[in-house]
Amino acid sequence: MTDHLKISTTAGMMEIAWNRPEKKNALTNDMYREAAEALERASTDRTIRVALLTSEGDSFTAGNDLSVFAGASSGGEAPQGHRFIEAIARFEKPLVAGVRGVAVGVGTTMLLHCDLVFVATDAKLTTPFVNLALVPEAASSLLLQARIGYARAFAMFALGEVLTGSQAAELGVANKALPAEEVLAAARSGAAELAKRPLGALMATKKLMRQSDVLLTRIAAEGAVFAERLQTAEAAEAFTAFRERRAPDFSKF
């Protein structure tokens with residue numbers, strides 16, 4: 001088990017909290033694996049009625065730990081985020097998130113699979129995949145533009161443009177934007193209200209509103225391209241530049 005994930009259960013709610021605040025909760029393979037396992041358990045545990053994604057510290061998550069990407073680019077262990085991404089896409093019970101600080105990459109795309117999202121007004125949501133010579137994941141190439149439109153979604157993917165918490169609420173990525181110190185309480189309260197509702201009706205409603213087969217097909221397509229991109233010279237340059245603390249130079253490719 002990793003100490004970088006906190007899992008607790010109370011009153012029908014399972015809370016999964018990213019717990020690597022010293023690294024802005026950048027996600028390691030172990031964190032992905034254990035979060036996926038927790039969601040898979042919650043899916044079949046009749047006592048769990050709702051799952052909640054939160055974090056310790058002042059950031060939701062800085063996304064994938066880039067050392068994992070860099071290692072995969074040079075032949076090491078592949079990123080293990082795919083199982084977690086599939087788990088949130090398949091999760092049939094209500095899923096709630098409380099977001100403070102930065103939510104980078106998968107930190108933003110996982111929110112598109114949540115049913116209630118509470119964000120800090122000053123949160124910063126970014127999906128800078130192209131900056132790393134990669135492509136979107138978690139069906140976000142489908143879901144993000146459905147929420148905020150093609151032009152804004154493309155700018156987030158390709159230019160790394162930031163969506164603030166206030167904008168996320170205005171555009172329908174989040175339900176409510178609040179002062180940072182109120183976010184976790186609001187998310188837990190929202191989850192508690194859902195836990196009181198008839199679970200069968202909630203699950204049936206969610207199934208009618210979301211086409212999980214379409215999402216899983218898009219996730220598989222994105223994943224294949226993502227894996228290919230990790231092995232490109234462009235990706236190697238992006239991760240080398242990150243390690244060397246310089247701007248990447250893609251002009252030679």
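Values quoted throughout were computed directly from the atomic coordinates according to the rules given, and no laboratory measurement underlies them. Keep in mind that what you see is a predicted model, and the values were worked out from it rather than measured. Quick reminder, even Gly has a Cβ in these numbers, built from the backbone with ideal geometry, and neighbours come from all protein chains shown.
Would you say residue 88 is without any contact (Cβ under 8 Å) to a residue 60 or more places away in the chain, under 25 Å from residue 209 (Cα atoms), among the aliphatic types (A, V, I, L, M) and part of a helix (DSSP H, G or I)?
Values: without any contact (Cβ under 8 Å) to a residue 60 or more places away in the chain: yes; under 25 Å from residue 209 (Cα atoms): yes; among the aliphatic types (A, V, I, L, M): yes; part of a helix (DSSP H, G or I): yes.
Against the criterion (without any contact (Cβ under 8 Å) to a residue 60 or more places away in the chain, under 25 Å from residue 209 (Cα atoms), among the aliphatic types (A, V, I, L, M) and part of a helix (DSSP H, G or I)), residue 88 qualifies.
Of the conditions (1) assigned to a loop (DSSP other than H, G, I, E, B); (2) closer than 26 Å to residue 226 by Cα; (3) out of contact with any helix residue (DSSP H, G or I) (no Cβ under 9 Å at 6 or more places or on another chain); (4) not basic (Lys, Arg), residue 3 clears all except one; give me its number.
Looking at each condition in turn, residue 3 falls short on (2).
Name the single residue that is surrounded by the fewest Cβ atoms within 10 Å (Cβ to Cβ) among those in the stretch 12-46 being free of Cβ contacts under 8 Å to residues at least 60 places away in the same chain and part of a strand (DSSP E or B).
If we take residues in the stretch 12-46 being free of Cβ contacts under 8 Å to residues at least 60 places away in the same chain and part of a strand (DSSP E or B), then 17 is surrounded by the fewest Cβ atoms within 10 Å (Cβ to Cβ).
Counting just the residues of the stretch 173-222 that are farther than 18 Å from residue 144 by Cα and of a type in the set (Asp, Glu), which one comes out surrounded by the fewest Cβ atoms within 10 Å (Cβ to Cβ)?
181
Considering every residue within the stretch 164-171, establish whether at least one is touching a residue at least 40 places away in the same chain (Cβ under 8 Å), of a type outside the set (Lys, Arg) and under 24 Å from residue 223 (Cβ atoms).
No, there is no match, as no residue in the stretch 164-171 is touching a residue at least 40 places away in the same chain (Cβ under 8 Å), of a type outside the set (Lys, Arg) and under 24 Å from residue 223 (Cβ atoms).
Looking only at the stretch 136-147, count how many residues are surrounded by fewer than 19 Cβ atoms within 10 Å (Cβ to Cβ) and within 12 Å of residue 226 (Cβ to Cβ).
0
Give me the helices (runs of 4 or more DSSP H) completely within the stretch 136-191, filtered to those with at least 3 residues that are among the aliphatic types (A, V, I, L, M) and under 14 Å from residue 124 (Cβ atoms), ordered by residue number. I'd like the intermediate steps shown before the answer.
Details: elements: 140-148, 150-159, 165-171.
Fully inside the stretch 136-191 and qualifying: nothing.
Name every residue in the stretch 2-11 that is surrounded by fewer than 17 Cβ atoms within 10 Å (Cβ to Cβ), touching a residue at least 12 places away in the same chain (Cβ under 8 Å) and not aliphatic (A, V, I, L, M), in order of residue number.
2, 3, 6, 9
Kindly establish whether residue 100 is at negative phi, without any contact (Cβ under 8 Å) to a residue 40 or more places away in the chain and surrounded by 20 or more Cβ atoms within 10 Å (Cβ to Cβ). Before the answer, list the steps.
Values: at negative phi: yes; without any contact (Cβ under 8 Å) to a residue 40 or more places away in the chain: no; surrounded by 20 or more Cβ atoms within 10 Å (Cβ to Cβ): yes.
Considered against the rule, which asks whether it is at negative phi, without any contact (Cβ under 8 Å) to a residue 40 or more places away in the chain and surrounded by 20 or more Cβ atoms within 10 Å (Cβ to Cβ), residue 100 comes out as no.
Helices (runs of 4 or more DSSP H) wholly in the stretch 193-253 with at least 2 residues that are farther than 30 Å from residue 10 by Cβ and touching a helix residue (DSSP H, G or I) at 6+ places or on another chain (Cβ under 7 Å) - which ones?
Values: elements: 199-209, 212-230, 233-243.
So the answer is 212-230, 233-243.
Could you go through the stretch 189-209 and let me know if any residue there is within 26 Å of residue 64 (Cα to Cα), in contact with an Asp or Glu (Cβ under 7 Å, 6 or more places away or on another chain) and touching a residue at least 60 places away in the same chain (Cβ under 8 Å).
Checked against the condition, which is being within 26 Å of residue 64 (Cα to Cα), in contact with an Asp or Glu (Cβ under 7 Å, 6 or more places away or on another chain) and touching a residue at least 60 places away in the same chain (Cβ under 8 Å), the stretch 189-209 yields no hits at all.
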